[in-house]
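Enquirer: Before anything else, here's the structure in question.
Bear in mind these aren't lab numbers, they're just calculated from the coordinates by the rules spelled out. It should be emphasised that the depicted structure is a prediction, and the values quoted were computed from it without experimental measurement. With ideal geometry, Cβ positions are generated from the backbone for all residues, glycine too; neighbour counts draw on all protein chains shown.
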Amino acid sequence: MLSDVINYEEVKTEWIYDAVQKESVFVLDVRNTSEWKQGHIPQAMHVMLGDLQNQHYKIPNDKPRVFIVN
């Protein structure tokens, strides 16, 4: 769950692209629906930030997670 986050770092778009291609990360987009519809990473899961606490069980923990925020 989010309260378990120990550390984080900002990463560059190129790093995310490479990691997604290698399937070495899980991408979660927490932006609102209108932002999601304007464009998103096809492999990303969309859960709005306000719903994250109720949907956290859908987020795998077997690989690093990348959160897309605005």
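Enquirer: Please turn the phi angles of the range 49-59 into ³J(HN,Hα) values with the Karplus equation 6.51 cos²θ - 1.76 cosθ + 1.60 (θ = phi - 60°), one per residue in order, whole Hz, x for glycine and proline.
Expert: For the range 49-59, the Karplus curve yields 3, x, 9, 4, 4, 7, 10, 4, 5, 7, 8 Hz.
Enquirer: Just want the ordering: Glu23, Glu35, from fewest to most Cβ atoms lying within 10 Å of their own Cβ.
Expert: If I rank by nearby Cβ atoms, fewest first, I get Glu23, Glu35.
Enquirer: Mind pulling the per residue volume of the convex hull built on the Cα atoms of the chain? Å³ is fine. Don't jump to the answer; show the numbers that get you there.
Expert: On the way: hull volume 6.7 nm³, N = 70.
In the chain, the Cα hull volume divided by residue count equals 95 Å³.
Enquirer: What's the local net charge at Gly39, with K and R +1, D and E -1, over the other residues with C-beta under 14 Å away? Each step should come with its number before you reach the end.
Expert: On the way: positive: Arg31, Lys37; negative: Asp29, Glu35.
Charge balance near Gly39 sits at 0.
Enquirer: Let me ask you something else. Taking amide H atoms as placed 1.01 Å from N in the peptide plane, list the residues 5 or more away in sequence, or in a different chain, whose amide H sits under 5 Å from that of Phe67.
Expert: The answer is Leu28.
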